[in-house]
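Enquirer: Just dropping this structure here.
Values quoted throughout were computed directly from the atomic coordinates according to the rules given, and no laboratory measurement underlies them. Keep in mind that what you see is a predicted model, and the values were worked out from it rather than measured. All Cβ positions, glycine included, derive from the backbone under ideal geometry; neighbour counts span all protein chains shown.
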Protein chains: 2
Amino acid sequence: MRYPPRHKESTRARLLELSGTLAKKDGFASTGVDALMAAAGLTSGAFYSHFRSKSELLEAIVESELGRSLELLTGKTNEQLVVVLKSYLSASHVDDPAQGCAVTSLSTEVARSSLQTKQVFERMMVAMKDELSKHVSGHSAAWVMISQMVGAVMIARAMASEQSRNDLLEAVMQQCQEMIR
Amino acid sequence: MRYPPRHKESTRARLLELSGTLAKKDGFASTGVDALMAAAGLTSGAFYSHFRSKSELLEAIVESELGRSLELLTGKTNEQLVVVLKSYLSASHVDDPAQGCAVTSLSTEVARSSLQTKQVFERMMVAMKDELSKHVSGHSAAWVMISQMVGAVMIARAMASEQSRNDLLEAVMQQCQEMIR
DNA sequence: GTCTATAGGTAGATAGAC
DNA sequence: GTCTATCTACCTATAGAC
């Protein structure tokens with residue numbers, strides 16, 4: 001072998017990290033294979049020794065990105081969770097999609113993707129709902145909380161003024177806190 | 001003039017209707033000018049006598065689509081509003097984005113668009129919030145309701161199983177009904 | 001207002017050398 | 001595993017005829 005044994009998996013991990021960031025920023029459809037590989041310091045031909053197709057990449061991004069989000073929700077006290085939620089509903093999260101939650105950035109594209117990708121997405125969302133349900137009054141309340149958090153960040157990002165963004169984010173944060181008590 | 005006086009505005013209206021449908025189904029970025037004009041029975045050159053650029057088209061779509069959504073919320077009794085919300089949180093809305101709400105389908109792309117487009121989006125969202133606030137306990141509650149409805153449909157569309165979709169949609173619908181009482 | 005033709009660019013994907 | 005080269009298809013946008 002001309003490359004060290006761990007080379008392939010580390011390159012793959014690097015591509016996942018990088019493509020996740022690019023897709024959250026510009027959209028998955030607008031993230032070209034050429035541009036991704038160039039950003040990784042490679043050429044486009046090498047992409048296909050890591051992923052069979054671009055749609056397989058989306059599936060891997062969803063697994064990787066939502067897995068990380070799930071970790072952020074896991075094993076928290078109520079107080080710790082409130083800190084996480086405040087960070088989620090913050091201006092800095094709204095202003096920096098690239099470092100933020102993939103559900104908010106990519107779910108419309110997941111909705112248009114393969115069944116497999118949707119299954120991965122669902123598995124992760126259900127796990128997040130189960131985790132949140134430990135802090136609120138049941139599974140229904142957990143679904144409601146997830147929906148309003150994701151919806152709020154999405155809508156805030158598409159509105160122009162700081163005023164409207166803040167009104168929206170504060171309203172939802174207050175509601176989340178009431179649900180946890 | 002070789003064309004009747006109303007020709008231009010009626011063609012523009014047709015293009016708006018059609019491009020709105022296509023963009024909600026496939027995403028705005030994936031909706032090519034060629035494909036749009038071909039679907040309208042025209043050729044791509046004619047596009048630019050109606051819109052200066054593709055990004056101006058998005059602005060017009062947001063105005064047109066969200067204007068229609070706003071109308072659906074306007075002047076309802078509590079009972080009539082519940083019917084609208086049930087339809088919004090229905091399986092058929094989840095399964096048919098092309099005929100559905102543009103906020104759910106296009107907001108991530110609006111978030112990546114021009115300031116002008118975001119301003120149009122914001123104006124429409126604030127108007128919807130004001131309308132909803134007549135049915136719930138204040139403007140904060142209206143923002144919360146909008147967020148959870150939009151988030152719920154987006155997440156439901158990206159999940160694979162009917163079971164999870166229904167759990168989510170029913171949870172949010174129940175919460176909406178409690179907010180209206 | 002719409003047509004054809006075309007510009008210049010980029011998309012996803014494959015073949016074969018090393 | 002990564003390279004270069006290349007294919008076909010599509011993209012946004014413009015020019016000029018009718």
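Enquirer: Nearest 10 degrees, 0 to 90: what angle lies between the long axis of helix A:102-111 and the longest principal axis of chain A (Cα atoms)?
Expert: 70
Enquirer: Give me the inter-chain shielding for A:161-171: mean count of other chain Cβ atoms within 10 Å, whole number please. Numbers along the way, then the final one.
Expert: Values: counts 5, 0, 2, 7, 1, 0, 5, 10, 2, 2, 11.
The shielding value for this peptide is 4.
Enquirer: Looking at the square roots a ≥ b ≥ c of the eigenvalues of the Cα gyration tensor of the stretch A:134-181, which shape do they give, rounded for a/c under 1.5, prolate if a/b is larger than b/c, or oblate?
Expert: Details: a/c = 4.94, a/b = 2.08, b/c = 2.37.
Note, shape of the stretch A:134-181 comes out oblate.
Enquirer: Tell me the angle of helix B:54-73 to the major Cα principal axis of chain B, expressed in degrees between 0 and 90 and rounded to the nearest ten.
Expert: 40
Enquirer: Let me ask you something else. Taking Cα atoms, how many degrees apart are the long axis of helix B:139-158 and the longest axis of chain B, rounded to 10 and kept between 0 and 90?
Expert: The angle comes out near 70 degrees.
Enquirer: How about B:Lys86: which aspartates and glutamates have a C-alpha closer than 18 Å to its C-alpha, ignoring those fewer than 8 places off in the same chain?
Expert: B:Glu71, B:Asp95, B:Asp96, B:Glu131, B:Glu162, B:Asp167, B:Glu170, B:Glu178
Enquirer: Rank these for me by crowding, A:Ile155, B:Ile180, going from fewest to most other beta carbons within 10 Å. Intermediate results must be reported in sequence, preceding the final value.
Expert: Working: A:Ile155 29, B:Ile180 16.
With the sparsest Cβ surroundings first, the list reads B:Ile180, A:Ile155.
Enquirer: Okay, next question. What length, rounded to one decimal in nm, is gained on full extension from A:Ser55 through to A:Thr11, with 0.36 nm per residue of separation minus their alpha-carbon distance?
Expert: That pair, A:Ser55 and A:Thr11, stretches by 14.0 nm at full extension.
Enquirer: Another question about this same structure. Let me have the relative contact order for the stretch A:54-180, percent, based on Cα pairs under 8 Å that are six or more residues apart. List each step's numbers first, then the result.
Expert: Details: 96 pairs, mean separation 40.7, N = 127.
Computed value for the stretch A:54-180: 32 percent relative contact order.
Enquirer: Quick check: from the Cα gyration tensor, does the stretch A:54-180 come out rounded (a/c under 1.5), prolate or oblate? Display every interim value, and only then the final one.
Expert: Working: a/c = 1.92, a/b = 1.21, b/c = 1.59.
Taking the square roots of the gyration eigenvalues as a ≥ b ≥ c, the stretch A:54-180 is oblate.
Enquirer: Debye calculation, C-alpha points only, no solvent: report log10 I(q)/I(0) for the protein assembly as shown at q = 0.09, 0.11 Å⁻¹, in the same order as the q values.
Expert: After summing over all Cα pairs, the log10 values are -0.52, -0.76.
Enquirer: Now for a separate question. What is the order of B:Ser147, A:Ser114, A:Ser92, fewest Cβ neighbours within 10 Å to most?
Expert: Numbers: B:Ser147 27, A:Ser114 15, A:Ser92 9.
By the 10 Å Cβ count, ascending: A:Ser92, A:Ser114, B:Ser147.
Enquirer: Taking the Cα centre of each part, how many Å lie between the stretch A:68-103 and the stretch B:103-181?
Expert: 20
Enquirer: Hey, another quick one. Run the simple label-point estimate for B:Thr74 and B:Ala91 please: 7 Å along Cα→C-beta, distance reported in nm.
Expert: 3.4
Enquirer: Which of rounded, prolate, oblate describes the stretch B:71-144, given a ≥ b ≥ c as roots of the alpha-carbon gyration tensor eigenvalues and a/c under 1.5 marking rounded, otherwise prolate only if a/b is larger than b/c? Intermediate results must be reported in sequence, preceding the final value.
Expert: Numbers: a/c = 2.38, a/b = 1.21, b/c = 1.96.
Judged from the Cα gyration tensor, the stretch B:71-144 comes out oblate (a/c at least 1.5, b/c at or above a/b).
Enquirer: Longer than 19 Å from Cα to Cα, which of B:Lys54/B:Lys118; B:Lys24/B:Lys76; B:Lys24/B:Lys134; A:Lys54/A:Lys118; A:Lys24/A:Lys54 are they? Say none if no pair is. If you can, show how the numbers build up before the last one.
Expert: Details: B:Lys54/B:Lys118 15 Å; B:Lys24/B:Lys76 26 Å; B:Lys24/B:Lys134 29 Å; A:Lys54/A:Lys118 15 Å; A:Lys24/A:Lys54 15 Å.
Beyond 19 Å: B:Lys24/B:Lys76; B:Lys24/B:Lys134.
Enquirer: Calculate for the protein assembly as shown the 222 nm mean residue ellipticity that helices alone would give, adding -39,500 (n - 2.57) per DSSP H run of length 4 or more and normalising by residue count, nearest 500 deg cm²/dmol. Mind dumping the intermediate values first?
Expert: Details: 18 runs with 260 residues, N = 362.
Here the helix-only value at 222 nm equals -23500 deg cm²/dmol.
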